[in-house]
1. Kindly indicate the residue of segment 82-111 that is in a loop (DSSP other than H, G, I, E, B) and not charged (D, E, K, R) and also most open to solvent (accessible area, probe 1.4 Å) among those meeting that condition.
2. Which of (1) closer than 13 Å to G26 by Cα; (2) among the β-branched types (V, I, T); (3) over 10 Å from the mean Cα position of the chain (by Cα) is the odd one out, the single condition I94 does not satisfy?
3. Report, ordered by the first and then the second residue, all pairs with beta carbons closer than 9 Å, sequence separation of six or more or different chains, a first member in segment 138-151 that is more than 16 Å from Y40 (Cβ to Cβ), and a second member that is in a helix (DSSP H, G or I) and among the aromatic types (F, W, Y).
4. Please verify whether segment 126-133 includes one or more residues that are among the polar types (S, T, N, Q) and either more than 15 Å from V25 (Cα to Cα) or out of contact with any helix residue (DSSP H, G or I) (no Cβ under 6 Å at 6 or more places or on another chain) (or both).
5. Pairs under 8 Å by beta carbon, first residue over 18 Å from T117 (Cβ atoms) in segment 75-101, partner open to solvent by less than 10 Å² (accessible area, probe 1.4 Å) and among the polar types (S, T, N, Q), six or more apart or different chains?
6. Quick one: how many residues across segment 56-72 are within 13 Å of C124 (Cβ to Cβ), open to solvent by less than 60 Å² (accessible area, probe 1.4 Å) and more than 14 Å from the chain's Cα centre (by Cα)?
7. Run T127 past the list (1) open to solvent by 40 Å² or more (accessible area, probe 1.4 Å); (2) within 20 Å of I36 (Cβ to Cβ) and report the number of the one that doesn't hold.
8. Please work out which residue is farthest from L70 (Cα to Cα), limiting yourself to segment 1-27 and to residues that are part of a helix (DSSP H, G or I) and open to solvent by 60 Å² or more (accessible area, probe 1.4 Å).
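The values are calculated or read from the model by the stated rules, or taken from the named source; none is laboratory data. If you're wondering where the values come from, they're calculated on a predicted model, not measured in any experiment. Counting neighbours? That spans all protein chains shown, and the Cβs are built from the backbone with ideal geometry, glycine included. Surface accessibility is based on the protein's heavy atoms, side chains included, excluding ligands, DNA and RNA. Shrake-Rupley method; radii C 1.70, N 1.55, O 1.52, S 1.80 Å.
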Amino acid sequence: MNDKEYMMLALEQAKIAYNLGEVPVGAVIVQNGKVIATGYNRREIDKNALSHAEHTAIDNACKALGGWRLPRCTLYVTLEPCLMCSGAILHARIDRVVFGTRDEKSGAFGSVLDVNTLPLNHKCEVTEGICAEECKNILQQFFSDLRQRKKKK
């Protein structure tokens with residue numbers, strides 16, 4: 001599989017979040033060509049600020065591999081990770097991050113700041129713009145639907 005195919009799997013996770021009323025962000029972690037974990041936003045369901053798609057996927061990957069380090073792993077996520085998630089990505093020693101669309105309000109891999117420019121002991125390779133339109137569209141549709149529901153109330 002290639003980056004686009006893995007990002008489409010992340011988009012499937014985002015659709016699960018969308019259908020549950022969550023902000024539609026999905027994540028997939030791949031190691032050596034095999035999907036080892038998935039995740040989607042669950043903040044409303046879990047009533048927990050930490051339940052971002054990336055955190056859920058990282059937690060699932062750590063359980064799958066039996067440790068906190070995620071060597072030779074790539075994280076595919078539909079939206080540029082925030083500072084909290086970027087910190088978790090670096091601490092988990094994920095080698096590569098591939099994201100779909102930028103988060104101009106809180107993205108931490110280039111939009112608002114770039115954690116890779118900080119003097120930390122780990123950096124990851126970053127690829128952006130994979131399935132960007134699809135990733136952007138699902139977010140725009142979600143927030144459009146949300147505004148419409150609020151108007152009806």
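1. The residue in question is S106.
2. Of the numbered conditions (1) closer than 13 Å to G26 by Cα; (2) among the β-branched types (V, I, T); (3) over 10 Å from the mean Cα position of the chain (by Cα), the odd one out for I94 is (1).
3. D145/Y18
4. First, the residues of segment 126-133 that are among the polar types (S, T, N, Q): 127.
Next, only the ones that are either more than 15 Å from V25 (Cα to Cα) or out of contact with any helix residue (DSSP H, G or I) (no Cβ under 6 Å at 6 or more places or on another chain) (or both) stay: 127.
Yes.
5. Close Cβ pairs (under 8 Å, with a partner that is open to solvent by less than 10 Å² (accessible area, probe 1.4 Å) and among the polar types (S, T, N, Q)) amount to G100/T78; T101/T78.
6. Residues in segment 56-72 being within 13 Å of C124 (Cβ to Cβ), open to solvent by less than 60 Å² (accessible area, probe 1.4 Å) and more than 14 Å from the chain's Cα centre (by Cα): 2 in total.
7. Condition not satisfied by T127: (1).
8. Taking the candidates together, the pick is N19.
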